[in-house]
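Colleague: This is the structure I want to talk about, given as structure tokens.
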Amino acid sequence: MSVLIFIDQSEGHIKKSSFEALSYGAKVAEQIGTTAEGIVLGKLSDDIASLGKYGVKKIHHAAADAFNTLDAQVYAQVIAEAVASTGATVVVFSNNLNGKAIAPRLSARLRAGLVSGAVALPDTSNGFVVKKGVFSGKAFANISISTPVKIIALNPNSFQVKTGEGSAEVVSLSSSAGTPKVKVTATNKITGQVPLSEAELVISGGRGLKGPENWGMIEDLAKLLGAATACSRAVADAHWRPHHEHVGQTGGSIAPNLYFAVGISGAIQHLAGVNRSKVIVVINKDPEAPFFKAADYGIVGDAFEVMPKIIEAVKKLKSA
Ligand SMILES: Cc1cc2nc3c(=O)[nH]c(=O)nc-3n(C[C@H](O)[C@H](O)[C@H](O)COP(=O)(O)OP(=O)(O)OC[C@H]3O[C@@H](n4cnc5c(N)ncnc54)[C@H](O)[C@@H]3O)c2cc1C
């Protein structure tokens with residue numbers, strides 16, 4: 001019996017969301033009186049033993065080249081084998097793109113109950129009950145998992161990363177998983193930008209900005225603050241911005257410390273992807289815009305007048 005945590009990596013580097021999943025998994029292990037172990041696939045340049053500081057005692061590393069890029073079927077098989085060999089009863093993922101691809105496949109393979117989008121530690125006082133957001137974040141549901149193996153996919157930024165002392169024992173993991181059926185023939189990398197899924201600060205624009213030629217002020221503020229840029233679906237659909245920037249029900253789901261929405265109405269489908277942000281600032285010229293109801297701070301005003309003033313103020317603050 002143990003808690004097994006999937007450690008997500010990209011090009012050999014551990015993703016930030018994994019630190020949160022590790023801290024969460026370690027706490028679940030403590031709660032149910034067992035130990036936490038990690039599993040990571042593919043070649044790594046980061047020192048994985050140091051991940052012990054998040055509370056894991058052991059890390060299983062399947063280092064074959066075949067695992068360098070994600071094939072969710074293959075990853076699910078490797079993890080299923082590790083669940084069998086470690087006797088893990090709880091498996092934790094981050095509910096990011098990779099977690100969303102692997103966790104349901106593992107669930108089907110092991111016939112194990114899965115709660116995706118968990119936002120808190122499970123309640124183990126009477127069974128195993130996991131809280132998650134439902135109806136685009138408008139309500140919470142408490143889901144009871146009764147299968148022998150339980151899978152949790154934790155929403156990013158839902159649990160405080162906890163660090164302590166110690167390093168983990170790294171053991172190599174061999175797997176009977178075959179060659180991935182997915183062959184990556186080319187990758188188109190976005191460089192020089194903060195990845196949206198990992199960003200602490202996000203500056204986002206909507207149709208209120210009138211056209212792609214006005215995105216300079218969004219980019220200027222993002223650059224000054226070291227933030228990522230995002231947009232509404234209406235903007236991406238109009239080809240003003242690339243689709244990978246679109247957030248919401250049908251786009252990316254983010255939970256940064258600051259979400260800065262400029263000229264976005266705040267439709268429920270947009271809010272579904274951003275309402276877990278810690279602080280939301282809204283600039284809209286319509287005082288009745290629905291986004292103001294979800295905002296921590298709101299400015300009723302014309303973005304073309306307000307944004308240059310904010311940019312100037314940030315510049316002044318930075319040079320002071
Ligand atoms: C099934 C489904 C899924 C969807 N998924 C998504 C999704 O994932 N993400 C998403 O974003 N949308 C999604 N939508 C679309 C969503 O319903 C809205 O249509 C969309 O979010 C509107 O984008 P917007 O706020 O940029 O544009 P608009 O609704 O046109 O709003 C523009 C806002 O800008 C303000 N404004 C105008 N001029 C200025 C100015 N000069 N200064 C300041 N403010 C100004 C206006 O007052 C208005 O509030 C989905 C819709 C459906 C049906």
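Colleague: From the list 125, 116, pick out the single residue that is of a type in the set (Ser, Thr, Tyr) and surrounded by fewer than 18 Cβ atoms within 10 Å (Cβ to Cβ).
Modeller: 125
Colleague: In addition: For the range 1-38, which residues satisfy the criterion of being surrounded by fewer than 19 Cβ atoms within 10 Å (Cβ to Cβ) and β-branched (Val, Ile, Thr)?
Modeller: 32, 34, 35
Colleague: Now for a separate question. Restricting the first residue to the range 27-42 and requiring it to be in contact (Cβ under 8 Å) with a residue 12 or more places away in the chain, which pairs with a second residue that is in a loop (DSSP other than H, G, I, E, B) and of a type in the set (Lys, Arg) meet a Cβ separation below 7 Å and a spacing of at least six or different chains?
Modeller: Sorted first by the residue in the range 27-42, then by its partner, the pairs are 35/57; 36/57; 37/57.
Colleague: For residues that are among the small types (Gly, Ala, Ser) and closer than 24 Å to residue 182 by Cβ, tally how many sit in the range 46-68.
Modeller: Residues meeting the conditions: 4.
Colleague: Within the range 204-220, identify whether any single residue is outside any loop (DSSP other than H, G, I, E, B) and modelled with pLDDT under 95, and answer yes or no.
Modeller: No - not one qualifying residue is present in the range 204-220.
Colleague: Here's a follow-up. Which condition breaks for residue 75 when tested against (1) under 29 Å from residue 187 (Cα atoms); (2) among the hydroxyl-bearing types (Ser, Thr, Tyr); (3) not in a helix (DSSP H, G or I)?
Modeller: So the condition that residue 75 fails would be (3).
Colleague: Still on this structure, I have one more. What's the number of the condition residue 68 fails, among (1) more than 30 Å from residue 125 (Cα to Cα); (2) crowded, with 17+ Cβ neighbours inside 10 Å; (3) over 19 Å from the mean Cα position of the chain (by Cα)?
Modeller: (2)
Colleague: Scan the range 222-235 residue by residue and report those that are within 19 Å of the chain's Cα centre (by Cα) and more than 8 Å from the ligand (Cβ to nearest atom).
Modeller: Those that are within 19 Å of the chain's Cα centre (by Cα) and more than 8 Å from the ligand (Cβ to nearest atom): 226, 227, 228, 229, 230.
Colleague: Which residue is surrounded by the most Cβ atoms within 10 Å (Cβ to Cβ), if the candidates are limited to the range 216-236 and must be in contact with a His (Cβ under 8 Å, 6 or more places away or on another chain) and over 15 Å from residue 194 (Cα atoms)?
Modeller: Here the residue is 232.
The values are calculated or read from the model by the stated rules, or taken from the named source; none is laboratory data. Bear in mind that the values here come from a model prediction, so they are computed numbers and not experimental data. Backbone-built Cβ (ideal geometry, glycine too); neighbour counts: all protein chains shown.
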